[in-house]
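Notes follow the structure.
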Amino acid sequence: MEKRVLIFYDERMLGHDPTGWDEEHPDWSAAVKSMISQQFPDASLDTYNHPERPGRLTAIVDALSASPIKGADWRAVAPATTTQLQRVHSPSYLAYIDSLVGRSGWLAQDTTAVSPDSVAAARLAAGAGVAACEALAAREGRNAFCIVRPPGHHALNDRPMGFCLYNNIAVAAAHARASLGYERVMIWDWDMHHGNGTQALFYHDPNVLVIDSHVEAPFYPGTGHIEETGAGAGRGFHLNVPLPRGCGNATLLDVFDRVVRPAAHAFDPALILISAGFDCHYLDQTCAMDDTGYAALAARVRSLADDCCDGRLLLVLEGGYEPEGLSASVHATIGALAGHAVDTFNVLPDDSGLAAVAKAEQFHAETIARLAYRPGARAIGHA
Ligand SMILES: [Zn+2]
């Protein structure tokens, strides 16, 4: 019998454990120490505990073990192959990452870093999305959630960034296009940060529609302006929805209703992928969502996938750094993917993001209408 939701996870992803200050780049460490002491004057600077830590995943797995979700089926993960990674990363970049096997150190001042087992973990994180695409194509499950780290959506073609080594969601999207024969795939990045890597990788591609809702620049990484809508053949296939800090559940659900759903119906994808970060949770201290909002989002994208693409829906974990909020949100999300009822969600008395969503809906209306036109389609007219 077809299971409802497949969960892809491998405990070897816990082996990615960068911690401590960077001895090779004292200026990078000094800059981060300065930033931390400005934001948290009482914080100890003796050691550096990376926020993207193994405990994120163990909190999620513990929550799912303590309260198993009916209809969920756990699956193993294989590392992504070089061929799969090369669809979105340059050969020289892949060689550079391979050279880091067994080593520790920071790769950038933004604290993107590796420990000896990080490259193996990153190969598994990218491979999880590939395995999930294959399983959905084979109808082994209705939809899927990949519990992975390191995250991926900041990783560029030839550069690591923002805790990300390989762009996991882009590797999955490229695999679906190249290997499974899906003509069009759609990505919604609902992580709090703009997925600059995903944007750059598909910016010229009319076959991958990317919608990205995020806290507006200059918030990290400082990109994702509403005017960035794609270029060349990809013009009109990238929709950014910048949001103010403090936005809550109603804002993200409004992004779905006003931008994501109409765009999906116009674009008609064969697969919907979600860069599922959970850092808009209020415990992450910038925005104000909670687990009830994430469950409602998941229920809506599940229904959308049922309408658009025979249910094919894949969520890949990105950010979310407070273990309690992250684990509760992922649990609620997977429950909704499994078809459990989502009755209600919490709303703020005055959700700060609603005006920004209305602006984005208006800004993108014509672009979304044009998504229904296929590139190269023969015009229908009178002789
Ligand atoms: Zn994030």
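The values are calculated or read from the model by the stated rules, or taken from the named source; none is laboratory data. Just so we're clear, the structure is a prediction, and the values are computed from it rather than from any experiment. Virtual Cβ from ideal backbone geometry, glycine too; neighbours counted across all protein chains shown.
One residue stands out in the range 351-366 among those that are farther than 12 Å from I226 by Cα and surrounded by 10 or more Cβ atoms within 10 Å (Cβ to Cβ): the one that is modelled with the lowest pLDDT, namely S352.
Only one entry in H238, H194, H153 is at pLDDT 95 or above and away from the ligand (no atom under 16 Å from the Cβ), namely H238. Taking the range 124-179 as the range and being aromatic (F, W, Y) and in contact with a Gly (Cβ under 9 Å, 6 or more places away or on another chain) as the test, the residues that pass are F163, Y166.
If a residue has to be part of a loop (DSSP other than H, G, I, E, B) and away from the ligand (no atom under 16 Å from the Cβ) to count, how many in the range 202-217 make the cut?
5
Of all the criteria given as (1) among the acidic types (D, E); (2) under 20 Å from V241 (Cβ atoms); (3) away from the ligand (no atom under 15 Å from the Cβ), the one not satisfied by D189 is (3). Looking at W28, is it closer than 25 Å to I97 by Cβ, surrounded by 13 or more Cβ atoms within 10 Å (Cβ to Cβ), without any contact (Cβ under 8 Å) to a residue 40 or more places away in the chain and touching a Phe, Trp or Tyr at 6+ places or on another chain (Cβ under 9 Å)? Considered against the rule, which asks whether it is closer than 25 Å to I97 by Cβ, surrounded by 13 or more Cβ atoms within 10 Å (Cβ to Cβ), without any contact (Cβ under 8 Å) to a residue 40 or more places away in the chain and touching a Phe, Trp or Tyr at 6+ places or on another chain (Cβ under 9 Å), W28 comes out as no.
In this structure, is P206 surrounded by fewer than 24 Cβ atoms within 10 Å (Cβ to Cβ), in contact with a Phe, Trp or Tyr (Cβ under 9 Å, 6 or more places away or on another chain) and closer than 24 Å to V88 by Cα? So P206 fits the description; yes.
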